[in-house]
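Here is the structure we will look at, set down as structure tokens.
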Amino acid sequence: MKTRKLEIACPECGSPEVFYSCTPNCCMNHVCSACGTTFEPETSVTGGFVTGVIPPDPLPDSTDPTAECAKCNSTAVYVMEDGGLVCAKCGAKLTMDLTEIAPG
Ligand SMILES: [Zn+2]
Ligand SMILES: [Zn+2]
């Protein structure tokens with residue numbers, strides 16, 4: 001199962017120019033470079049597992065959008081070919097919501 005990097009559109013202006021501005025051991029704060037809105041993505045488990053998940057190549061940069069697996073807390077959360085999210089570490093299928101939205 002091939003995957004691609006996580007993409008998050010700004011919940012305020014829809015811009016894809018969203019950056020992860022913190023580190024996984026602190027918080028999941030993201031910022032939109034177009035309008036300055038900040039938010040945190042939060043995943044939940046949809047049920048079901050995927051085996052043989054291949055991480056994207058190249059791997060995301062540290063400033064690329066990042067989400068934490070609700071199951072195992074790994075940040076290896078990627079997008080599958082069908083558009084669904086999956087954790088490459090534990091294989092859990094995930095969905096993502098955006099929380100803590102603070103318009104810039
Ligand atoms: Zn924005
Ligand atoms: Zn996981």
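Any read-out appearing in this document is the output of simple, stated calculations on the displayed coordinates, not a laboratory observation. Quick caveat: nothing in here was measured; it's all calculated off a predicted structure. Reconstructed Cβ throughout: ideal geometry from the backbone, glycine too, with neighbour counts over all protein chains shown.
Note on Thr51 and Ser33: their simple-model spin labels are 4.1 nm apart, each label 7 Å out from Cα toward Cβ.
Placing one equal scatterer on every Cα of the chain and applying the Debye formula, the log10 ratio I(q)/I(0) at q = 0.11, 0.18 Å⁻¹ is -0.30, -0.80. In plain terms, the chain from Met80 to Thr99 could stretch by 4.6 nm, reckoned as 0.36 nm per residue minus the Cα-Cα distance. Where in the range 79-99 is the amide nitrogen less than 18 Å from a point lying 7 Å along the Cα-to-Cβ axis of Ser44? Under 18 Å, as judged by backbone N against the label point of Ser44, lie 84-87, 92-99 of the range 79-99. Only alpha carbons enter this Debye calculation for the range 63-104, each as an equal point scatterer, and the log10 of I(q)/I(0) it gives at q = 0.32 Å⁻¹ is -1.17. By the compact-protein rule of thumb, 2.2 N^0.38 Å, the alpha-carbon radius of gyration of the range 11-61 corresponds to a ratio of 1.43.
Note that the range 57-68 has calculated 3J(HN,Hα) couplings of 10, x, 5, x, 6, 5, 9, 6, x, 9, 10, 9 Hz, one per residue in order, obtained from phi through the Karplus relation 6.51 cos²θ - 1.76 cosθ + 1.60 (θ = phi - 60°); glycine and proline are x. Report the trypsin sites (Lys or Arg not before Pro) located in the range 29-104 that are in a DSSP loop and have at most 16 other Cβ atoms inside 10 Å of their Cβ, or state none. Here the trypsin sites (Lys or Arg not before Pro) that fit, given the DSSP loop and packing criteria, are Lys89. Residues whose amide H falls under 5 Å from that of Gly104, counting only those 5 or more places apart or on a different chain, are Thr37, Thr38, with hydrogens built in the peptide plane. Sparsely packed loop sites in the range 17-90 (the GluC sites (Glu not before Pro) outside DSSP H, G, I, E and B with at most 15 other Cβ atoms within 10 Å) comprise Glu17, Glu81. The DSSP beta bridges internal to the chain are antiparallel in roughly 95% of cases.
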